[in-house]
Amino acid sequence: MSVTVGGRAVVVLALVVAGATGSQADRARSPRKQAQRSPAQLEPRLVIGEFRLTKVVDGDTIKVSGLDSSLRLLGIDTEETFKSAADRRAAAAGLGPYMTAKRGAAPRPVKMATPMGEQAKDFAERFFAGVDTVRLERDHPAERRDRYNRILAYVFVKRDGAWLSYNVACVRAGMAPYFPKYGRSRRFHADFVAAEAEAKREQLGIWAPGAPGYPDYPEREAWWAARGDFVEAFRTAAEHNPSYVDLTHDDAMQRLEALVGTPVVVLGIVGDVTISVTGPSKVTLARRVSDDFPLVFFDRGVLTSSGISAWRGEPAMVSGTPTMYENKRDHRKQLQLVIERATQVRLAPLPGLAPPTTREAP
């Protein structure tokens, strides 16, 4: 189909599954072997189950019956759909100025509604047309929910006797980039990489010249890849070392409680930074809303030299010995890590951000 960008018509290539013909249909219906893996071959803890599809919300959000929360689809991040008439009018008046205004002075690319977000939703609706039941699977047995309690999932539909991954198909159609911001896909990394390479080569969707979407994908990809590499390094180290604890895992707090008094390395996203004049300063590592993990700095100089205050929203590895702190007011006990040296903090090396000094790894 064609859309108008900057006053001229451009063609936006989108893979249409429902009713697709020729090589496009072959790409949509020919997933990699991993994406078609028989359910009988899966570790049971990776299986969430089969559910009735109730709604396609946008390109990376669907709703199913029988679950207590919404889904976050792994490995993809489509552009946003328009939620307000004002944004739709502003984008129609001039997509470039609209996107520039939306980003403002933000040091990182931001999410915003775009015509490509609408295209991604249209693709999802076509992909799931006629589908009653979807299969949901996890990437890791302990990675069940994100910070906002959304269920982390790959979504599959059954076609021609095989389970087809929507997540991978979405990337292959150019409706989303491969999204390793929170860590590479353990199970389908190669499939996502190949799907994105194909979409870029054939200039599909967001990769088409003049596509009415984000203009800063190179910046986004460099940022996401750096974060993904940092998480991957932690995962590799943690594979045979039980003292490495990923705070996103469901069992993280139980593991840390069992490791009180034992040196550990934790991985988390830097959250709130509270600097105190009269007492210890605190930095939280985001885990769940209202259930973050505190790092305690009694020396503000250590906090400053660690550089962690500038890494809000970004990943960090922190070493130390967990202790149990009891709040004197309500006697509630809480796990914490006391940071006595800046070398206990290792920050993800990210484009545009640089630690104040080069330090040894935890």
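Structure notes:
- Against the conditions (1) farther than 23 Å from ILE151 by Cα; (2) of a type in the set (Ser, Thr, Tyr); (3) within 24 Å of the chain's Cα centre (by Cα); (4) not in a helix (DSSP H, G or I), THR284 satisfies every one except (1).
- Search result, residues across the stretch 209-230 that are aliphatic (A, V, I, L, M) and either surrounded by fewer than 21 Cβ atoms within 10 Å (Cβ to Cβ) or free of Cβ contacts under 8 Å to residues at least 12 places away in the same chain (or both): ALA222, ALA225, ALA226
- Complete set of residues in the stretch 287-300 that are more than 17 Å from PRO315 (Cα to Cα), among the aromatic types (Phe, Trp, Tyr) and not in a loop (DSSP other than H, G, I, E, B): PHE297
- Residue check for PHE82: in contact with a Gly (Cβ under 8 Å, 6 or more places away or on another chain), at pLDDT 95 or above, in a loop (DSSP other than H, G, I, E, B) and surrounded by 11 or more Cβ atoms within 10 Å (Cβ to Cβ): yes
- Members of the stretch 235-267 that are surrounded by 17 or more Cβ atoms within 10 Å (Cβ to Cβ) and of a type in the set (S, T, N, Q): THR248
- Residue count for the stretch 186-202, restricted to those that are farther than 16 Å from LEU164 by Cβ, among the hydrophobic types (A, V, I, L, M, F, W, C) and more than 16 Å from the chain's Cα centre (by Cα): 3
- The set of residues in the stretch 185-220 being among the acidic types (Asp, Glu) and closer than 17 Å to MET99 by Cβ consists of ASP216, GLU219.
- Residue within the stretch 66-73 that is touching a helix residue (DSSP H, G or I) at 6+ places or on another chain (Cβ under 7 Å) and over 17 Å from ARG126 (Cα atoms) present: yes
- From the list ARG135, ARG150, ARG145, the one residue that fits, being of a type in the set (Lys, Arg), surrounded by 18 or more Cβ atoms within 10 Å (Cβ to Cβ), in the same structural domain as GLY117 (by TED's automatic domain parsing) and touching a residue at least 24 places away in the same chain (Cβ under 8 Å), is ARG135.
- Single residue of ARG108, ARG135, ARG103, ARG89 found to be basic (Lys, Arg), touching a helix residue (DSSP H, G or I) at 6+ places or on another chain (Cβ under 8 Å) and modelled with pLDDT of 95 or more: ARG135
- Test set (1) hydroxyl-bearing (Ser, Thr, Tyr); (2) crowded, with 17+ Cβ neighbours inside 10 Å; (3) in contact (Cβ under 8 Å) with a residue 60 or more places away in the chain - THR284 fails condition number: (3)
- With respect to the stated conditions, VAL110 is without any contact (Cβ under 8 Å) to a residue 40 or more places away in the chain, in contact with a Lys or Arg (Cβ under 9 Å, 6 or more places away or on another chain), within 28 Å of LEU350 (Cα to Cα) and not acidic (Asp, Glu).
- Filtered by the rule that a residue be more than 26 Å from ARG45 (Cα to Cα), part of a loop (DSSP other than H, G, I, E, B) and either of a type outside the set (A, V, I, L, M, F, W, C) or at pLDDT below 95 (or both), the stretch 242-274 gives GLY261, THR262, PRO263.
- Residue within the stretch 14-31 that is of a type in the set (D, E, K, R) and either part of a loop (DSSP other than H, G, I, E, B) or modelled with pLDDT of 95 or more (or both) present: no
- Within the stretch 326-352, the set of residues being at pLDDT below 90 and of a type outside the set (S, T, N, Q) comprises GLU326, LYS328, ARG329, ASP330, HIS331, ARG332, LYS333, GLY352.
The values are calculated or read from the model by the stated rules, or taken from the named source; none is laboratory data. Quick caveat, the model's predicted, so the values are computed rather than measured. Because the Cβ atoms are built from the backbone with ideal geometry, glycine has one as well, and the counts that use them run over all protein chains shown.
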